[in-house]
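A.B. asks: Let me give you the structure first, and then I'll get to my questions.
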């Protein structure tokens, strides 16, 4: 049970980042279509469940050393693999920038570089504990985050500060496409964490974890859509809708939201940094420090600038990535009798070992 819960909170913590917790992603990909987007949420649930199950099964009883080995197992290498590493670094820079901006807005007298230094040290401390550290921090923080977001959304929907939002977008066919881009972008940023989480899990545990994780995220999306739509254009069309809403609701919601957003940012940042660190091909004792320094420098560009330019590209690449992995590992779905130990994943290192064995 502990393994399943740990996996669920890890997945949720990876998906619910600054974009989700601030309401920006929900506004952009869902609520802009109005309440009609609720009818298409089963599509989002199925996509998330499929992707969670796929990557958890890929990692089941396997021991990939890094992102590059996972990519090579499906023929992704060279320039495209380098792009994936860059995406992880850019994503982490966005999360770090968002955390600094959030803290700076609440403590204006403190210089932002002090926040940068403190957060960088915390990130390094978490990374030193490796994957176990990332899982433990999510296991502690994510239940609180889920409860806070649920409470804010329900209260905000029942006590709106504005009129109901009327969508000007009439083409409902855009909603499934928007959901696919949203899901693919998040999977693109979390697939290494999913593969790592699948280690030594049973098929039943993977199935349960995938179902519950997809349900929780879909439910939070539904609550967020209802909340934002019911609060009208004045909230929905802002750059960070939940911030505006909580400020209008007053205390204690402004304080609760700061806590919820900071948790969402940090858990995604820790997961992203772990993936970024293990996407770098070189091996060095100082690799984690170098990774954090690179992310820290890039974060100076600013959260909004990074998100506006990078997130659509990340979603498009994510669609390609999911298709590539599904085609390569389709046996996991079409051969239900196949046991994990019978399914051999050929990384470059294993192929070399097999070639040597064949010559002996």
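A.B. asks: Counting only residues that are over 21 Å from the mean Cα position of the chain (by Cα) and part of a helix (DSSP H, G or I), how many does the stretch 91-124 have?
C.D. replies: 12
A.B. asks: When only residues in the stretch 155-210 that are within 19 Å of residue 5 (Cβ to Cβ) and not in a helix (DSSP H, G or I) count, which is modelled with the lowest pLDDT?
C.D. replies: Taking the candidates together, the pick is 200.
A.B. asks: Given the criterion within 20 Å of the chain's Cα centre (by Cα) and without any contact (Cβ under 8 Å) to a residue 12 or more places away in the chain, identify the matching residue among 31, 12, 86.
C.D. replies: 86
A.B. asks: Failed condition for residue 17, given (1) within 14 Å of the chain's Cα centre (by Cα); (2) over 17 Å from residue 310 (Cα atoms), with all others met?
C.D. replies: Here residue 17 meets the rest and fails (2).
A.B. asks: Could you check the stretch 211-241 and list, in sequence order, the residues that are touching a helix residue (DSSP H, G or I) at 6+ places or on another chain (Cβ under 9 Å), in a helix (DSSP H, G or I) and at pLDDT below 85?
C.D. replies: 234, 235, 236, 241
A.B. asks: Is it the case that residue 289 is part of a helix (DSSP H, G or I) and farther than 30 Å from residue 76 by Cα?
C.D. replies: no
A.B. asks: Here is a further query. Regarding residue 77, is this residue in a helix (DSSP H, G or I) and more than 18 Å from residue 273 (Cβ to Cβ)?
C.D. replies: Taking the combined requirement at face value, the residue does not satisfy it.
A.B. asks: Let me ask something additional. For residue 121, state whether it is exposed (fewer than 12 other Cβ atoms within 10 Å of the Cβ) and modelled with pLDDT of 80 or more.
C.D. replies: Yes.
A.B. asks: Continuing with this model, one more query. From the set of residues in the stretch 123-132 that are touching a helix residue (DSSP H, G or I) at 6+ places or on another chain (Cβ under 9 Å) and without any contact (Cβ under 8 Å) to a residue 24 or more places away in the chain, which is farthest from residue 197 (Cα to Cα)?
C.D. replies: Filtering first and then ranking leaves 125.
A.B. asks: Go through the stretch 20-50 and give me each residue that's surrounded by fewer than 20 Cβ atoms within 10 Å (Cβ to Cβ), within 23 Å of residue 91 (Cβ to Cβ) and either at pLDDT below 90 or in contact with a strand residue (DSSP E or B) (Cβ under 9 Å, 6 or more places away or on another chain) (or both).
C.D. replies: 28
A.B. asks: Out of (1) at pLDDT below 80; (2) buried (at least 17 other Cβ atoms within 10 Å of the Cβ), what's the single condition that is false for residue 314?
C.D. replies: Unmet condition: (1).
A.B. asks: To continue, here is another question. Would you say residue 325 is modelled with pLDDT of 75 or more, closer than 21 Å to residue 186 by Cβ, buried (at least 16 other Cβ atoms within 10 Å of the Cβ) and under 27 Å from the mean Cα position of the chain (by Cα)?
C.D. replies: Judged against the criteria, residue 325 is a match.
A.B. asks: Kindly indicate whether residue 33 is assigned to a helix (DSSP H, G or I) and farther than 21 Å from residue 229 by Cβ.
C.D. replies: no
A.B. asks: Right, here's the next one. Please give the number of the condition residue 151 fails out of (1) modelled with pLDDT of 80 or more; (2) closer than 26 Å to residue 54 by Cβ.
C.D. replies: So residue 151 meets the others, but not (2).
A.B. asks: Sticking with this structure for a sec: Any residue that is surrounded by 13 or more Cβ atoms within 10 Å (Cβ to Cβ) and at pLDDT below 70 - is there at least one of those in the stretch 349-357?
C.D. replies: The answer is yes; a qualifying residue exists.
The values are calculated or read from the model by the stated rules, or taken from the named source; none is laboratory data. Bear in mind the structure is a predicted one, so any value in this text is a computation, not a measurement. In this analysis, Cβ positions are derived from the backbone assuming ideal geometry, glycine residues included, and neighbour counts consider all displayed protein chains.
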